[in-house]
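The values are calculated or read from the model by the stated rules, or taken from the named source; none is laboratory data. Computed from a predicted structure; not experimentally measured. Cβ: placed from backbone, ideal geometry, glycine included. Neighbour counts: every protein chain shown. To get the accessible areas, we keep the full protein, side chains included, count just its heavy atoms, and leave off ligands, DNA and RNA. Shrake-Rupley method; radii C 1.70, N 1.55, O 1.52, S 1.80 Å.
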Amino acid sequence: MKKTILAALFAATPLLAQADAAFLARPDVQRYIDEKVATGQFSRPELEAVFANVDVKPRIIEIMDRPSTSRPWYQFRANFFNEKLLNDGVAFWTAHREALERAEKVYGVEPEVIVAILGIETHYGRNTGSFRVVDALSTLGFDYPRRADYFRNELTELLLLAHEERLDPMTFKGSYAGAMGWPQFMPSSFRKWAVDFDSSGHRDIWNNADDAIGSVANYFHLHGWIHGDDTVIPADVAPGPEVDALSADKFNLHYTAAELAEMGIRPQVPLARDVRAVLVPLEVAPGVTQYWLGLNNFYVITRYNKSTLYAKVAQEIAREIKSRYLASAYGQTPN
């Protein structure tokens, strides 16, 4: 039944003018179609209808191949921690207070965390991307060998998502890499963690703030967020080769506070000896590094975006937005 939905969608309206007929005829595209038809999840006519209308975007490959420059913390932070985002975050919280409070009750994720993530990702839906996701993922899946397998899998996830939501796959919009909606979920993430938080019958993370809020909260919940727990705390560090090794291994909670203390890394505030943490060095000024210990919730944020800079700025934005929201709404500041 499901595999007929896309075919019905295309039968209901005339096909778009072929964007790149040569793309459909490519042997690698035909092999992909053969493989997916063999799973029983898709029909050949529906997949051919999709790929006959894919518009390959060479500019996406150019973007992906641009050399990435690693920015220090003091430069990275300034791009996000600014008055516009903070004030808009307070306004967003005020406008969607009920949904944020409900998400906290259902998923155990604080409102300020959800607001910070949506602000960083798309500035509360202002910058969700203008590429057709099927074009982006097809371009990367077939013309970007370095990560082709990943993007072809995401293309499959998009087509399955279109089945589940009973939507035309050509209508999904997102970033040049295929990330979608206010939370910038890839199709596989959407299928796993997006929720219909307003019970409308669709998971709409492009236009529905409630669904975006619930989806971010669900993601954090299922990745182990601990309500009310610290995210990151400052640390004193005795420089040495062990510190250098730990700084490089910044995405895994391998060591307890007690084990880190034996390596010369001590929290500046009390921390239970059995709590696991990761060492986070941040260059706060040219040539000046401060050290932090990222705890469980810090680790969870790095599951959302694998960057310690992202996780730290999210923590700072969440804290500041909460302070401003409480001052605005209740004339108080957090403890």
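Which residue out of Ser215, Ser247 is of a type in the set (S, T, N, Q), modelled with pLDDT under 95 and crowded, with 16+ Cβ neighbours inside 10 Å?
Within the list Ser215, Ser247, the selection yields Ser247.
A search for C-beta distances below 6 Å between a residue of the range 247-271 that is touching a residue at least 12 places away in the same chain (Cβ under 8 Å) and under 15 Å from Gly294 (Cβ atoms) and any residue that is polar (S, T, N, Q) and surrounded by 15 or more Cβ atoms within 10 Å (Cβ to Cβ), counting only pairs 6+ apart in sequence or on different chains, returns Lys250/Thr308; Phe251/Thr302.
Right, Arg126: exposed (fewer than 13 other Cβ atoms within 10 Å of the Cβ), in contact with an Asp or Glu (Cβ under 9 Å, 6 or more places away or on another chain) and not in a helix (DSSP H, G or I) or not?
yes
Within the range 37-50, being in contact (Cβ under 8 Å) with a residue 40 or more places away in the chain and part of a helix (DSSP H, G or I) holds for Glu46, Leu47, Ala49, Val50.
For Pro286, the conditions (1) in contact with a strand residue (DSSP E or B) (Cβ under 8 Å, 6 or more places away or on another chain); (2) open to solvent by 20 Å² or more (accessible area, probe 1.4 Å); (3) not aromatic (Phe, Trp, Tyr) are fulfilled apart from (1). Residues that are among the hydrophobic types (A, V, I, L, M, F, W, C) and either more than 28 Å from Gly181 (Cα to Cα) or open to solvent by less than 20 Å² (accessible area, probe 1.4 Å) (or both) within the range 218-244 comprise Phe220, Val232, Ile233, Ala235, Val237, Ala238, Val243, listed in sequence order.
Within the range 51-102, the set of residues being farther than 23 Å from Val216 by Cα, in contact (Cβ under 8 Å) with a residue 12 or more places away in the chain and in a loop (DSSP other than H, G, I, E, B) comprises Ala52, Asn53, Val54, Asp55, Val56, Lys57, Arg71, Pro72.
Thr94 meets the conditions (1) within 25 Å of Ala209 (Cα to Cα); (2) open to solvent by less than 30 Å² (accessible area, probe 1.4 Å); (3) of a type in the set (Ser, Thr, Tyr) in every case but one. The failed one is (2).
Tell me yes or no: at least one residue of the range 307-323 is outside any helix (DSSP H, G or I) and under 20 Å from Phe76 (Cβ atoms).
Step one: filter the range 307-323 for residues outside any helix (DSSP H, G or I), giving 307.
The next check asks that each one be under 20 Å from Phe76 (Cβ atoms); those that pass are 307.
Yes: the range 307-323 contains one or more residues that are outside any helix (DSSP H, G or I) and under 20 Å from Phe76 (Cβ atoms).
Within the range 289-298, being surrounded by fewer than 23 Cβ atoms within 10 Å (Cβ to Cβ) and either under 16 Å from His223 (Cα atoms) or touching a residue at least 24 places away in the same chain (Cβ under 8 Å) (or both) holds for Gln290, Tyr291, Leu295, Asn296. Pairs meeting the criteria (first residue in the range 300-322 and open to solvent by 40 Å² or more (accessible area, probe 1.4 Å), second residue at pLDDT 95 or above, beta carbons under 8 Å, at least 6 apart or on different chains) are Arg303/His223; Asn305/Ala311; Arg319/Glu112; Glu320/Phe81; Glu320/Leu86; Lys322/Glu110; Lys322/Pro111; Lys322/Glu112.
Among the residues of the range 262-282, those identified as surrounded by 15 or more Cβ atoms within 10 Å (Cβ to Cβ), over 25 Å from Arg77 (Cα atoms) and of a type in the set (A, V, I, L, M, F, W, C) are Met263, Leu271, Val275. Just to be sure before I move on: is Val50 at pLDDT 95 or above, open to solvent by less than 10 Å² (accessible area, probe 1.4 Å), within 19 Å of Glu154 (Cβ to Cβ) and touching a Phe, Trp or Tyr at 6+ places or on another chain (Cβ under 7 Å) in the structure I sent? Considered against the rule, which asks whether it is at pLDDT 95 or above, open to solvent by less than 10 Å² (accessible area, probe 1.4 Å), within 19 Å of Glu154 (Cβ to Cβ) and touching a Phe, Trp or Tyr at 6+ places or on another chain (Cβ under 7 Å), Val50 comes out as no.
Just a yes or no: is a residue in the range 54-75 open to solvent by less than 50 Å² (accessible area, probe 1.4 Å), at pLDDT 95 or above and either small (Gly, Ala, Ser) or on the phi > 0 side of the Ramachandran plot (or both)? No: the range 54-75 contains no residue that is open to solvent by less than 50 Å² (accessible area, probe 1.4 Å), at pLDDT 95 or above and either small (Gly, Ala, Ser) or on the phi > 0 side of the Ramachandran plot (or both). For the range 274-283, the condition holds for no residue, the condition being that it is part of a helix (DSSP H, G or I) and touching a Ser or Thr at 6+ places or on another chain (Cβ under 7 Å).
I'm trying to understand the selection: among the residues of the range 227-256, which are among the small types (Gly, Ala, Ser) and assigned to a helix (DSSP H, G or I)? Result: Ala245, Ser247, Ala248.
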